[in-house]
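Some notes on the structure that comes next.
The values are calculated or read from the model by the stated rules, or taken from the named source; none is laboratory data. Model, not experiment: these values are computed from the prediction. Quick reminder, even Gly has a Cβ in these numbers, built from the backbone with ideal geometry, and neighbours come from all protein chains shown. To get the accessible areas, we keep the full protein, side chains included, count just its heavy atoms, and leave off ligands, DNA and RNA. Shrake-Rupley method; radii C 1.70, N 1.55, O 1.52, S 1.80 Å.
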Amino acid sequence: LSAMGEPSMDPSIAADSPAQQDSLFSMTDVFLISLITGLLTYWFFFRKKKEEVPELPKMQTVAAPVRDSSFIEKMKKTGRNIVVFYGSQTGTAEEFANRLAKDAHRYGLRGMAADPEEYDLSDLSRLSEIDKSLAVFCMATYGEGDPTDNAQDFYDWLQEADADLSGLRFAVFGLGNKTYEHFNAMGKYVDKRLEELGAQRIFELGLGDDDGNLEEDFITWREQFWPAVCEHFGVEATGEESSIRQYELVVHTDVNMNKVYTGEMGRLKSYENQKPPFDAKNPFLAQVTENRKLNEGGERHLMHLELDISNSKIRYESGDHVAVYPANDSSLVNQIGEILGTDLDTVMSLNNLDEESNKKHPFPCPTSYRTALTYYLDITNPPRTNVLYELAQYASDSGEQERLRKMASSAAEGKALYLSWVVEARRNILAILQDMPSLRPPIDHLCELLPRLQARYYSIASSSKVHPNSIHICAVTVEYETKTGRLNKGVATSWLRSKVPGQPGSSSQVPGQQESSSQVPVQQGSSSLVPMYVRKSQFRLPFKPSTPVIMIGPGTGIAPFMGFIQERAWLKQQGKEVGETVLYYGCRHEREDYLYREELARFQKEGVLTQLNVAFSRDQAEKVYVQHLLKKNKENVWKLVNEGMAHIYVCGDARNMARDVQNTFYEIVSEFGNMSQPQAVDYVKKLMTKGRYSLDVWS
């Protein structure tokens, strides 16, 4: 210690004795060292705190950005005067909204497409603050007259609102399907309700029918809509429709593959690191544990699949729908790449040229062309006219260019050509490229134009009371020959058919097996995984198990009823009083496509299924359908409905079966209820209103 203190000895104490010196130096050294250490420590921490204090707000700002929910402020900031809101479930209404917003520039106006879910719609009362302002609504109807998921809040607000919208100018285009009971209910409601709140309609309600030609309905409405807008605002078209790119291409030559999307719908790497809750933007990767053919003969392939949802925290009820995200056939993707002479593994981004837009990319970016064409883009449906118009500029042959422009025009001849050559011939983008040898667009522009590949919905064929960790699907593979001799296959059903069952409970482990640097998407790398989520439905069993049920579901329409019957069997096992459970099922041939034959026989034997009525439509000279069996048992049907307060459920084809069944109920009610036809119709409509006549149909 004294050696340490020698260099700093105090001269004033040099006369002290050696022993005293040692002692004093030791004490002084200890004191000084402690003091200096203390001061240094205090100064160090004091300084650090002063530096950290101003950094805290910065960190908070970065971590929690606040999105401005006012579309009015956004329109003012970006010089927009037309806003086009869309209620879209499958992407078509969103596509139409984008087309209308893009049209606006031709009239010296500026438009923006907007998702009502992202904004506060009570601001509609302020739209008049903007000169020559207009709100357009492209509203699809989902299911039985319901709003789409993203328009639910807007619908709720409209119902409750007492806002004064007298300064608002608006127009509505509805997207529906005439085979459904509540055709275009959402479009009609929005149009009517806005007027009731004082808004001014500047053009009549458009009603698109997907059972006919939705594209033509939209074009016809649109070509009359814009002249009405011009007249109202006193503006004129500035020129012909022009091709304006919405996104710019950025090719990534040196990119970290961990930052590249490989098929995820939302969060990057969400398929490798699964986190609940699972929904449309964050699907769960479920393992297929069973995939078996249900039919014993015939040309069709009907299948039963089971998806393992263990450890997902996904809950479902009988009657709900399961949504699955399919993948396009790799051979179609490769052919598009070959025709366009593109390296499909090029990693790129398409960035929105409008920096203020909430939609930064048309699909998750950066990604490869292969991933985009496989998981993000619809390459199997016939392209719409706006796609043909934009592509026309890339046809080097003048005849082919003229043909494309004609099909995209609003002229009667052009519409007829589009209907026959594209729609009825079911030409997808690959077929068009094959049949027009001079048409060779840049692949990035093609990717910008093609609509997004949508999730496919299936009625769940199981009960969560019996199968809490499994969701069952019953589906038929879609496959047909087109007028051009091509074999077209349904995207989702062909993809599901190819799924190879894996071990239950392994869903959550599989994504982690993928190498992080691989470009191959997880679900492409595994032949047994299905990205899925559950969509709630109003198709529900009665609250009281003792209430009788009449279920009508031919073909794959039997799916939800398998869940219903399983649940009624479970309730019976729990000692509950279960009412009559009646099924009307139909198929083509008893020995070919009688689905779930053994299961149904077992349920009937156990007394759960009190009546099993099966119509084999083609096993005799005259076709027999489910409605014929309903007529045959009309007295019993009426008794169950009138006295037993039975609930009626119909699932399957909307175009013919559901309509024929409904007409049969009109007849039964009219005959046994001693009612006129209009009274019988009113009786059945009231059953629907009370939730005693439910439909789960498709066209």
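Quick one: how many residues across the stretch 301-339 are assigned to a loop (DSSP other than H, G, I, E, B), in contact with a Lys or Arg (Cβ under 9 Å, 6 or more places away or on another chain) and more than 26 Å from ALA569 (Cα to Cα)? Qualifying residue count, the stretch 301-339: 4.
Hey, PRO560 hits all of (1) more than 30 Å from PRO283 (Cα to Cα); (2) of a type outside the set (D, E, K, R); (3) outside any loop (DSSP other than H, G, I, E, B); (4) in contact (Cβ under 8 Å) with a residue 60 or more places away in the chain but one; which does it fall short on? Among (1) more than 30 Å from PRO283 (Cα to Cα); (2) of a type outside the set (D, E, K, R); (3) outside any loop (DSSP other than H, G, I, E, B); (4) in contact (Cβ under 8 Å) with a residue 60 or more places away in the chain, PRO560 violates only (1). With respect to the conditions (1) open to solvent by 20 Å² or more (accessible area, probe 1.4 Å); (2) outside any helix (DSSP H, G or I); (3) in contact (Cβ under 8 Å) with a residue 12 or more places away in the chain, PRO468 lacks only one, and its number is (3). Return yes or no: is LEU194 part of a helix (DSSP H, G or I), open to solvent by less than 10 Å² (accessible area, probe 1.4 Å), among the hydrophobic types (A, V, I, L, M, F, W, C) and at pLDDT 95 or above? Taking the combined requirement at face value, the residue satisfies it. Screening TYR247 with (1) buried (at least 16 other Cβ atoms within 10 Å of the Cβ); (2) within 21 Å of the chain's Cα centre (by Cα); (3) on the phi < 0 side of the Ramachandran plot gives one miss only, at (2). For the stretch 92-113, the candidate set comprises residues that are touching a Leu at 6+ places or on another chain (Cβ under 9 Å) and not in a helix (DSSP H, G or I); within that set, the residue that is surrounded by the fewest Cβ atoms within 10 Å (Cβ to Cβ) is LEU109. Restricting to the stretch 627-651, name every residue that is open to solvent by 10 Å² or more (accessible area, probe 1.4 Å), touching a helix residue (DSSP H, G or I) at 6+ places or on another chain (Cβ under 6 Å) and outside any helix (DSSP H, G or I). Residues satisfying the conditions do not exist here. Among the candidates PRO116, PRO65, the residue that is at pLDDT below 90 and either open to solvent by 60 Å² or more (accessible area, probe 1.4 Å) or within 26 Å of LEU450 (Cβ to Cβ) (or both) is uniquely PRO65. Checked against (1) assigned to a helix (DSSP H, G or I); (2) within 30 Å of GLN287 (Cβ to Cβ); (3) out of contact with any helix residue (DSSP H, G or I) (no Cβ under 9 Å at 6 or more places or on another chain), LEU600 passes all but a single condition, namely (3). VAL624 meets the stated requirement of being open to solvent by less than 50 Å² (accessible area, probe 1.4 Å) and assigned to a loop (DSSP other than H, G, I, E, B). Checking each residue in the stretch 306-324 for being open to solvent by 30 Å² or more (accessible area, probe 1.4 Å) and either under 18 Å from the mean Cα position of the chain (by Cα) or under 30 Å from ASP593 (Cβ atoms) (or both) picks out GLU306, GLU317.
Taken over the stretch 345-357, the criterion of being within 26 Å of the chain's Cα centre (by Cα) and surrounded by 12 or more Cβ atoms within 10 Å (Cβ to Cβ) is satisfied by VAL347, MET348, SER349, LEU350, ASN351, ASN352, ASP354, GLU356, SER357. The residue that is least open to solvent (accessible area, probe 1.4 Å), counting only those in the stretch 362-400 that are outside any loop (DSSP other than H, G, I, E, B) and of a type in the set (Asp, Glu), is GLU390. Residues that are open to solvent by 60 Å² or more (accessible area, probe 1.4 Å) and more than 26 Å from the chain's Cα centre (by Cα) were ranked within the stretch 275-305; the one that is farthest from ALA492 (Cα to Cα) is GLU296. Residues of the stretch 447-465 being open to solvent by less than 10 Å² (accessible area, probe 1.4 Å) and not in a loop (DSSP other than H, G, I, E, B), which ones? Scanning the stretch 447-465 gives CYS447, ILE460. Within the stretch 119-144, restricting attention to residues that are closer than 27 Å to ALA185 by Cβ and among the acidic types (Asp, Glu), the residue that is surrounded by the fewest Cβ atoms within 10 Å (Cβ to Cβ) is ASP120. Could you tell me which residue of the stretch 200-218 is most open to solvent (accessible area, probe 1.4 Å), considering only residues that are of a type outside the set (Lys, Arg), at pLDDT 95 or above and touching a helix residue (DSSP H, G or I) at 6+ places or on another chain (Cβ under 8 Å)? That would be LEU207.
Of the residues making up the stretch 416-435, just one is of a type in the set (S, T, N, Q) and either in a loop (DSSP other than H, G, I, E, B) or not assigned by the TED database to the domain that holds ASN381 (or both), namely ASN428.
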